[in-house]
Amino acid sequence: MDAAADGEQRAEVTLVTSQLSSSDKVLAYKVRDVEVVLTETQGPNEPVKLAVRLDVPAKTERIRLVLRDATSGRLGTVDLAAASLSGANGAFQQ
């Protein structure tokens with residue numbers, strides 16, 4: 001996180017979402033550049049939520065999220081079972 005001139009904490013990150021089949025074939029993917037801004041009440045070590053919409057091809061078994069901090073280059077990844085997201089807030093549909 002970087003402090004802006006107005007005192008807000010900001011981070012620029014790249015978010016990659018990949019929809020994978022059971023054989024690890026990439027069925028779809030999308031790359032997004034995102035700016036994250038902490039609210040006045042959030043501390044620098046508190047979690048930040050990102051809402052992500054994505055299309056999910058019929059044979060998707062898992063969804064991989066990769067997040068890269070533009071300043072430090074640090075990466076984080078997580079794989080989610082597609083079945084575990086079914087109906088999440090009505091946003092995920094297969």
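The values are calculated or read from the model by the stated rules, or taken from the named source; none is laboratory data. Keep in mind it's a predicted model, so treat the numbers as computed, not measured. Don't worry about glycine lacking a Cβ; one is built from the backbone with ideal geometry, like all the others, and counts go over all protein chains shown.
Leu65 versus (1) in contact with a Ser or Thr (Cβ under 8 Å, 6 or more places away or on another chain); (2) part of a loop (DSSP other than H, G, I, E, B): which is the lone unmet condition?
Among (1) in contact with a Ser or Thr (Cβ under 8 Å, 6 or more places away or on another chain); (2) part of a loop (DSSP other than H, G, I, E, B), the lone unmet condition for Leu65 is (2).
What number of residues within region 35-63 are within 23 Å of Ser84 (Cβ to Cβ) and not small (Gly, Ala, Ser)?
Number of matching residues: 15.
Among the listed residues Val48, Val31, identify the single one that is in a strand (DSSP E or B) and either modelled with pLDDT of 85 or more or over 16 Å from Gln19 (Cβ atoms) (or both).
Of Val48, Val31, the one residue that is in a strand (DSSP E or B) and either modelled with pLDDT of 85 or more or over 16 Å from Gln19 (Cβ atoms) (or both) is Val31.
Assuming Arg62 fulfils every condition listed in (1) surrounded by 15 or more Cβ atoms within 10 Å (Cβ to Cβ); (2) at pLDDT below 80 apart from one, which condition is it?
(2)
Collect the residues in region 13-48 that are of a type outside the set (Val, Ile, Thr) and over 17 Å from Ile63 (Cα atoms), keeping them in residue-number order.
Once the filter is applied, which keeps residues that are of a type outside the set (Val, Ile, Thr) and over 17 Å from Ile63 (Cα atoms), region 13-48 yields Asp33, Glu35, Leu38, Glu40, Gln42, Gly43, Pro44, Asn45, Glu46, Pro47.
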